[in-house]
Amino acid sequence: MRRRRLLVATAGIGLAGCVAVPGVNDDPSGEELLQDAIETRTDLVDLAARRTLSAETPDGTSTRVERVRRRPPGERRMEVVDSENPATPPGTTTVRSRAVTWTYDPAVDEVRERHHPNRVVADGTRLALEALLAEYDLAYEGVEPVDGRDAHRIEATPTSADVGRSIELLVGETVYAIPLEATEALEEATVSRTIWIDDEHRYPIKERDAVRDATGTLVHRLTVTYENLAINAGLEPETFTFTPPADAELVTTGLEPAGIFDSRSVAGEVTPYDLPNPDVPDPYDLDRITVVDEGDDTGTTATFWYVATEGRPRELYVACRDHQRFDPDVLKEIEFDGRTAYRRDGRIESVFWACNGTNYEVSSPVGDVSVLEIASSMGCPQTSVRP
């Protein structure tokens, strides 16, 4: 994504009404509040709230109200309660689980079922909090009421003037794309960012991002607020399932898995090759095995998904394929246990190799385990590809 240099606003917007916490020595720092918010997110089991998004331009204001429920890292439900945008009318619903996303558009009475059984799940809000802590200067501005709660206000200033074209919002796992017209046509646009941290939960409850031109005129401002915030209050099991309306048109995209299994032995009954038995260290446990038939021109992929719920939720996976999905020319060639393999470092640490006609991959999006040790534990099944 192309980046453009934007000047950073040095003053907050609308400071009137800000009430300082009594006693200078009692004031928490912005860094302390963000660290508390990261710890809250790490321990978060579920979240429910009413979320209001307000987008302002010189031409007017547009508002949308949603009911949101989250179970990090991979499950969420969003229902539009009220909206001034015809693209997202009331009744618009999105339900996402680990393997499938349902989207209902009441304007055309259409449901889209999108399968993503092998999507890597990451906790976007936690990552956004960590990035804010690492990449911004945080100025504490006192306490303000938000939805009847005391909330600590923080003005966040990027440490670099090279601001990206999008901001990962902390309130609701949404990406705010800075409008093209706010940067392409303006040589000296300024971006300001304000976050309110709820005092009770130490969790983001409101956020405001604003873009102004060189004269200080508002070009675009997005304000996102949680109301009736409930954390770890418990959600019903059916929250993250969806039943399409009887008369709605159903459109299916993505690869529907041949099955999602709880055990290696059952999954092995539908794969054309024998499955390995990886030795994955604690605190990871096998969560599921997805088997996807990618068609006659490609083949079958079986993916072991391991989940650690101790501390922040995280995943790693082991994939088996009867076809090659990696490019040796762009990876580092290594050797382990007498086999040639290829390593990828970066956001996802991976090792790829082939044995008896089957291709294997071990990947860790978090990088907190040794992918080579897991790979070494798998050996090479004697009967790799079955007729």
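The values are calculated or read from the model by the stated rules, or taken from the named source; none is laboratory data. All values reported here derive from a predicted model rather than from experimental measurement. When we count neighbours, we look across all protein chains shown, and the Cβ atoms used for this are built from the backbone with ideal geometry, even at glycine. When the accessible area is computed, the model is the full protein with side chains, heavy atoms only, and any ligands, DNA or RNA have been set aside. Shrake-Rupley method; radii C 1.70, N 1.55, O 1.52, S 1.80 Å.
Below, the figures for the structure above:
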| item | result |
| --- | --- |
| Subset of region 77-96 (residues that are closer than 22 Å to Thr290 by Cα and surrounded by fewer than 17 Cβ atoms within 10 Å (Cβ to Cβ)) | none |
| Those residues of region 297-315 which are of a type outside the set (Val, Ile, Thr) and modelled with pLDDT under 90, in sequence order | Asp297, Gly299, Ala308, Glu310, Gly311, Arg312, Pro313, Arg314, Glu315 |
| Members of region 69-128 that are of a type in the set (A, V, I, L, M) and under 12 Å from the mean Cα position of the chain (by Cα) | Val120, Val121, Ala122, Leu127, Ala128 |
| Condition check for Arg149: over 17 Å from Leu170 (Cα atoms), touching an Asp or Glu at 6+ places or on another chain (Cβ under 7 Å) and either of a type in the set (Lys, Arg) or open to solvent by 30 Å² or more (accessible area, probe 1.4 Å) (or both) | yes |
| Residue within region 211-228 that is without any contact (Cβ under 8 Å) to a residue 40 or more places away in the chain, charged (D, E, K, R) and more than 18 Å from Glu56 (Cα to Cα) present | no |
| Qualifying strands (runs of 3 or more DSSP E) (wholly inside region 301-354; at least 2 residues being surrounded by 18 or more Cβ atoms within 10 Å (Cβ to Cβ) and in contact (Cβ under 8 Å) with a residue 60 or more places away in the chain) | 314-321 |
| Residues that are part of a helix (DSSP H, G or I) and buried (at least 21 other Cβ atoms within 10 Å of the Cβ), drawn from region 39-76 | Arg41 |
| For Thr194: the one exception among (1) assigned to a loop (DSSP other than H, G, I, E, B); (2) of a type in the set (Ser, Thr, Tyr); (3) touching a residue at least 12 places away in the same chain (Cβ under 8 Å) | (1) |
| Yes/no for Gly268 being under 30 Å from Thr358 (Cα atoms), in contact with a strand residue (DSSP E or B) (Cβ under 7 Å, 6 or more places away or on another chain) and surrounded by 14 or more Cβ atoms within 10 Å (Cβ to Cβ) | no |
| Restricting region 227-284 to residues that are aliphatic (A, V, I, L, M) and in a loop (DSSP other than H, G, I, E, B), the residue that is farthest from Val111 (Cα to Cα) | Val280 |
| Count of residues meeting criterion [among the acidic types (Asp, Glu) and in contact with a helix residue (DSSP H, G or I) (Cβ under 8 Å, 6 or more places away or on another chain)] in region 244-279 | 2 |
